[in-house]
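Have a look at the structure below, then the notes.
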Amino acid sequence: MRIFRKNIKCVNLTSLILLAITVLCSCGHKEQPAKICLLPLPRQLLVEPGSFEFNSKTKLYASTTDSLQNEITYLMEKIPLVLSTESAGENNRVELILSNEIEGIEAYNLNVTPVKITITARSSAGVFYGIQTLMQLCPTEVYSRALPAEFAVPCAEISDSPAFPWRGMLLDCSRHFMKKDFVKRYIDLLAYLKMNTLHWHLVDDQGWRIEIKKYPRLTEVGAWREDVKNEGDGEKYGGYYSQDDIREIVDYAKVRHINVVPEIEMPGHCQSAIAAYPELSCTGDSLPVETRWGVFKEIYCAGNPETDKFLKDVLAEVLALFPSKYIHIGGDEVPKYRWQHCAKCQGTIKRENLTGEEELQSFFLRKINRFLKENDRIMVGWDEIAEGGLPEDAVVQSWRGFEGANHAIKNGHSTIVSPTSHAYFDYDVKETDLKQVYRFSPIPTGCPLDSIHLVLGGECNLWSEHAPQQLVDSKVFPRILAMAEVLWTNPTERQYGDFYQRVQKHYLRLQAMGVAYGHETAPIIAKQIFFKGNGPSLFLKNTSPDLEIFFSVNDGPFCVSNAPIMLKETSCIRGIAMKNGKRYGDTLVVHFTQHAGIAAVYKLKTPFSEYYKAHGEGSLSDGFKGSPDFRDGQWQGWTSDDLVATYDFSEDPITLSQVTVSCLQSNNSWIFMPAEVCVEISTDGTIFTTIGVATPNTDPRARGHLLEEIKVSFDTTTVSYLRVTAKNAGRCPEWHEAAGSPAWLFVDEIILE
Ligand code: ACM
Ligand code: ZN
């Protein structure tokens, strides 16, 4: 293919990397950390001249050693200090002072002068946050317990308090089990960022992770799944936390002012419990602990008194382990198929005069809510808990956008906000990058001023289907730095450019803490541009000024990307990015298919989903194909509906002999091939005649991410009007784990030849 480019300099990739490294080394690049680089940004910061010098004689004084014992011990583990009981008159010391004059339960003042450092707060939590800020003023070695004997911190006056009281992170230890010390390490990392909630996801289909003495099979059976991915060293993959482990973790978190909120999923996402105790399900059938990812129809029977007893017994042990006022009961993604076909569940609906399965779910959760309330706890659940009626006083965690939060607020319920659009750190940075997280505000647009207090805060969620322990850091960092600032810093003080600069400096701190952080963003944006007369082109652009982008076409040499690449034939374009002389991020691969329908205008009978819209209108005739990753931004999706595209070629009829609909199947995610593809033509745009129908070859039961081009061939025909229909598979079939739920149809291109 020909590339219409001026001034392109082609080099091979190896020499490019070597050149970049040489340039970097020869200019002696060395980061000079600024004196003060706080993250999250405090409410008020006044930098003063001079510094406080720590040395072997520096003392620590606390206004009370009772309430501040944890803070004293914590600080002395980080910075060697000599404990003093002198209430006044000494220089060269750090003072921790509890004072009712500070407003705000988590607020603190930190004052660094050449003679002493004072942290004043209303509570021990405030003192702890003051210590975290002090540590951020110290040399990086404070995080690796390798401080020099003498060091200085800059003088400053800081007044600080958080924007939101709930600053959380969800850690999913069910899909992948994470070791006790790893969980503790995350507690330390949360503390560094002044976050205060560890939402600990302990139950899901793929593993039950909390020891329950009354039901030993939960961990004997439910904590172990067949090791189909060869992740462990035996036949089974899994693990669990003993009650002693949990007490240890909760105590560790308490010292760091982190509340651990356990999540015990119900009535769905609980196949691990049913594997251990099949009598808890509607069928009583014996089932394995699930090994696949997705949503499964095996849920607790809502018409069985044994289930109520089981859940109350389990929760009684959970409450004894977790002092948290809030207890998370899950409540998300509950397929109702089993309840629809269960005599006991249907009997309960009838007896209790319920309108159907949604109200049955509400009935089920209200009983749990009552139990938690009797025990002086507050129920938290995902936004589905509102379906069929919100249990009294329950807190709604909004994940499907902000709708759950809005609904909660309207009904006077508190909410925690963690939408997939900003807070899902299992998503690739291609979808949710650092800047996108920073754009987040937990307060939904239009939230009345007098209801803002109902927004407790937000969370970032680390679902671990694709994140075994060794990959967690790279998904969580650096994006959690943005989340921490969103939840702590006053929105009017936040500014992305300034935050980004501070992130660059905090990488040194993360390195000292041994954090294997990942990328800030997908480095390359592939911009598709259509030039009238010249046809389609692709411009690979950097997403940040410190990234340099190179491209190659059909495995040719890599060239600097500084202008659009004109596309005249079917081709594969690869893009790579360099940052500070090093490769940054994954290679971007774009497949372009040349065909007669490029840029053809069509009308859709039913619009694509707002969640899967590729590049919007025209995406099915732009020539760009998707990858097996349905979230790669090239796929358009329809849930339940068919794709019906109608083209008007009446002014310039087109000659065709084949129409291809390019589709994806990923049935774990409820995406199926279409039932059929039908091609119709018309001479007047009103009466259409079918000229061909094709069905996919892909087996609907086949797992994985499967691509198929479904081709409809016919005798060469001149076409004025064309209608292409890809018929949605309808519902997930009987055998499917989410039987009866609406199926998705995913298409990336309609190829006309
Ligand atoms: C969720 O992501 N299913 C809460
Ligand atoms: Zn049932």
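Select the strands (runs of 3 or more DSSP E) contained entirely in the range 136-229, then report the ones holding at least 1 residues which are touching a His at 6+ places or on another chain (Cβ under 8 Å) and in contact (Cβ under 8 Å) with a residue 12 or more places away in the chain.
Values: elements: 151-160, 166-172, 197-201, 224-226.
Once the strands (runs of 3 or more DSSP E) in the range 136-229 are filtered for at least 1 residues that are touching a His at 6+ places or on another chain (Cβ under 8 Å) and in contact (Cβ under 8 Å) with a residue 12 or more places away in the chain, what remains is 166-172, 197-201.
Selection of the range 563-599 for residues being of a type in the set (A, V, I, L, M, F, W, C) and assigned to a strand (DSSP E or B) yields 565, 566, 572, 573, 576, 577, 578, 588, 589, 590, 592. All conditions in (1) in a loop (DSSP other than H, G, I, E, B); (2) more than 16 Å from residue 160 (Cβ to Cβ); (3) modelled with pLDDT of 95 or more hold for residue 89, with the sole exception of (3).
Residues in the range 241-280 that are surrounded by fewer than 24 Cβ atoms within 10 Å (Cβ to Cβ) and of a type in the set (S, T, N, Q): 242, 243, 259. Residue 640 - would you say it is at pLDDT below 95, under 36 Å from the mean Cα position of the chain (by Cα) and farther than 27 Å from residue 688 by Cα? So residue 640 does not fit the description; no. Among the residues of the range 354-395, the ones that are in a helix (DSSP H, G or I) and acidic (Asp, Glu) come to 6 in all. Pairing residues of the range 584-608 that are at positive phi with residues that are surrounded by fewer than 18 Cβ atoms within 10 Å (Cβ to Cβ), at Cβ distances under 6 Å and at least 6 apart in sequence or on separate chains, gives 599/530.
For every residue, the table says whether it meets (1) surrounded by fewer than 14 Cβ atoms within 10 Å (Cβ to Cβ); (2) under 19 Å from residue 431 (Cβ atoms); (3) not β-branched (Val, Ile, Thr).
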{"residue": "607", "(1), (2), (3)": "yes, no, yes"}
{"residue": "622", "(1), (2), (3)": "no, no, yes"}
{"residue": "642", "(1), (2), (3)": "no, no, yes"}
{"residue": "667", "(1), (2), (3)": "no, no, yes"}
{"residue": "680", "(1), (2), (3)": "no, no, yes"}
{"residue": "686", "(1), (2), (3)": "yes, no, no"}
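For the range 335-353, the set of residues classified as near ligand 2 (Cβ under 9 Å from one of its atoms), without any contact (Cβ under 8 Å) to a residue 60 or more places away in the chain and part of a loop (DSSP other than H, G, I, E, B) consists of 341 only. Out of contact with any Pro (no Cβ under 7 Å at 6 or more places or on another chain), surrounded by 13 or more Cβ atoms within 10 Å (Cβ to Cβ), assigned to a strand (DSSP E or B) and of a type in the set (S, T, N, Q): is that true of residue 70 in this structure? For residue 70, the condition - out of contact with any Pro (no Cβ under 7 Å at 6 or more places or on another chain), surrounded by 13 or more Cβ atoms within 10 Å (Cβ to Cβ), assigned to a strand (DSSP E or B) and of a type in the set (S, T, N, Q) - is not met.
Filtered by the rule that a residue be away from ligand 2 (no atom under 16 Å from the Cβ) and of a type in the set (Ser, Thr, Tyr), the range 357-404 gives a lone residue, 398. Taking the conditions (1) more than 21 Å from residue 706 (Cα to Cα); (2) assigned to a strand (DSSP E or B) in turn, residue 652 satisfies each one other than (2).
Checking each residue in the range 561-581 for being of a type in the set (A, V, I, L, M, F, W, C) and either more than 28 Å from residue 496 (Cα to Cα) or surrounded by 18 or more Cβ atoms within 10 Å (Cβ to Cβ) (or both) picks out 565, 566, 567, 572, 573, 576, 577, 578.
Pairing residues of the range 263-282 that are within 20 Å of residue 327 (Cα to Cα) and among the charged types (D, E, K, R) with residues that are away from ligand 2 (no atom under 16 Å from the Cβ) and part of a loop (DSSP other than H, G, I, E, B), at Cβ distances under 7 Å and at least 6 apart in sequence or on separate chains, gives 263/202.
The values are calculated or read from the model by the stated rules, or taken from the named source; none is laboratory data. Everything quoted here is computed from the prediction, not taken from an experiment. Note that each Cβ is placed from the backbone with ideal geometry, even for glycine, and that neighbours are counted across all protein chains shown.
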